[in-house]
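To start, the structure under review is shown below, and the notes come after it.
Coordinate-derived values only; no laboratory data. It should be emphasised that the depicted structure is a prediction, and the values quoted were computed from it without experimental measurement. Glycine also receives a Cβ, built like all others from the backbone with ideal geometry; neighbour counts cover every protein chain displayed.
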Amino acid sequence: MNERKPRVLVTREVFDETLDYLRLHCEVIDNQKDQPYAPEALAQALAGCDGLMCALTDRVDAALLARAPRLKAVANIAVGYNNIDVPACTARGVMATNTPGVLDDSTADLAWALMLGTARRITEVERRIRAGEWTGWRLKQWLGVDVHHATLGIVGMGRIGQAIARRALGFEMKVLYHNRKRIAPELESKCNAAYVTLDELLAQSDFVVLQVPYSPETHHLIGAAQLKKMKPSAILINSTRGGVVDDSALVAALKQGTIRGAGLDVYENEPKLNPEFLGLDNVVLAPHIGSSTEATRKAMAMLAARNLVAALKGEVPPNLVNPDVRR
Ligand code: GLV
C-alpha cells in the first residue's frame, strides 16, 4: 500500500536533526532561509498541509485555521502559546501542543542573568568601558546593589518560577511568591518560598520577577499602579511575555525613579520595543533569548516535532494543550 505521508509546514529555520526526524514521518515544507511568513503567505502555504510546526512569531488564529481545512495539528516551538487561538483550534478539531519542561532551567538562568546584570549594571558599565569612560578605580564608582540576602518576589510559580526560586537558595535570599493557586507545601519548602498577595510581594521585594503566562487576565498585570507599590530601590525582571508589563508605564517609572531598574527579555510589540528603553541606563535589554541555548532550543524543536508526528499518527501528543479536542 502506498500511503501518503502527511504534509507539514515548518514556518521557521530549525536544526537539521529536527528536519531529519520530521522527514522520516512527513513530507516537509521547510523554511531554512528563515524568512518569516506574512499572514497571507502563511495561509497559502498552509492550505494543503496536515500539520504546522510554528513559533511564537506566527499568529495561528481562526481566520488562518479556516483556510487550512486539512490541518490536524499545530506544534508550537515554545512553552507559551498565546500566539495560538486554542479555542479556535479545538472548535476545528485541531490539536495544539507546546514544549514545556525542556526550557525551565535555561529560562530560569536567563532571569538570573537579568537580575545580576541589572543589579550590578553590567551592560551599562560595559558600554562605558567601550566608550573610553573608565579612567581608573574609584570607591564610589558605578555602585550597584546586592542580590545576595535580598528579597526575591516571583509572580507566577510554575515550573520556571520554581527553578528561579531554587537558584535563590545559593544567594541566601528571602523568597516570596504569588500565584493563582498556592503550590504544594513540599514545593514551597523545596523553593524556600512563602506565599503572599501580589500587593505584599510588590511592597516587600527587592527583585520582582514575572513568570506568568500571557493571557487577557495577565495583560498589563504590572502597570503604573503596581510599579508605584514597589520599593524605589527595587528591580523588575520580565522574562516571560511582552504585554504582562505596561511598557509605557515602565519607561515612565524608570525615568522618574519610581523603581531602580529593570531587566527585560520580552516587550510589547516585539521586536519594535518602546524606543525610550534604548535611552535608559537603568534597564538591561535582551532580545527574547530566555530559552536560547543550543541544547535547549534543540530540545524544544525536537519536542515540537515529536508532538506533531504523534498527533498526525492519531496518538495523543505528549504536550497537548487542548485535550478537549479529542473528547
Ligand atoms: C519562549 O518564550 C517560550 O514560550 O518558550
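In the frame of its principal axes, the chain has Cα extents of 78, 49, 32 Å, reported largest first. Of the DSSP H helices in the chain, those that are both long (alpha-carbon extent of 18 Å or more along the helix axis) and hydrophobic (Kyte-Doolittle mean at least 0.0) are 104-119, 294-312.
To the nearest 20 debye, what charge dipole does the chain have about its Cα centre, counting +1 at the Cβ of each Lys and Arg and -1 at the Cβ of each Asp and Glu?
Working: 39 positive and 37 negative charges, 57 e Å.
With only Lys, Arg, Asp and Glu charged at Cβ, the dipole is about 280 debye.
Given in Å, the Rg to one decimal and the Dmax to the nearest whole number for the Cα atoms of segment 98-184 are 16.5, 53.
Put simply, the amide H of Ile154, placed in the peptide plane, has neighbours under 5 Å in Leu176, Tyr177, His178, Val209, leaving out anything fewer than 5 places away on its chain. Entry for segment 258-327 at q = 0.24 Å⁻¹: log10 I(q)/I(0) = -1.02, Debye formula applied to identical alpha-carbon scatterers, no solvent contribution. One decimal place: the segment Ser292-Ser189 gains 34.1 nm when fully extended, by the rule 0.36 nm per residue minus the C-alpha distance.
Derived scalar couplings between HN and Hα for segment 67-82 equal 9, 10, x, 8, 5, 10, 8, 10, 10, 8, 8, 5, 7, x, 9, 6 Hz in order, rounded to whole Hz, by the Karplus curve 6.51 cos²θ - 1.76 cosθ + 1.60 (θ = phi - 60°), x for Gly and Pro. Taking one quarter of the surface of the C-alpha convex hull of segment 194-251 gives a mean projected area of 3.9 nm². Projecting the alpha carbon convex hull of segment 104-285 along each direction and taking the average yields 10.6 nm².
Set the Förster radius R0 to 30 Å, insert the Cβ-Cβ distance between Arg59 and Leu24 as r into 1/(1 + (r/R0)^6), and round the FRET efficiency to 0.05. Numbers along the way, then the final one.
Numbers: r = 29 Å, r/R0 = 0.97.
For Arg59 and Leu24, the calculated efficiency is 0.55.
Note on the chain: GNM, Cα springs under 10 Å; of Ala193, Ala184, Ala286, the largest mean-square fluctuation is that of Ala184.
Candidates Gly93, Ile129, Leu71 compared by Cα position along the dipole of segment 71-139: farthest toward the positive end lies Ile129, with charges placed on Cβ.
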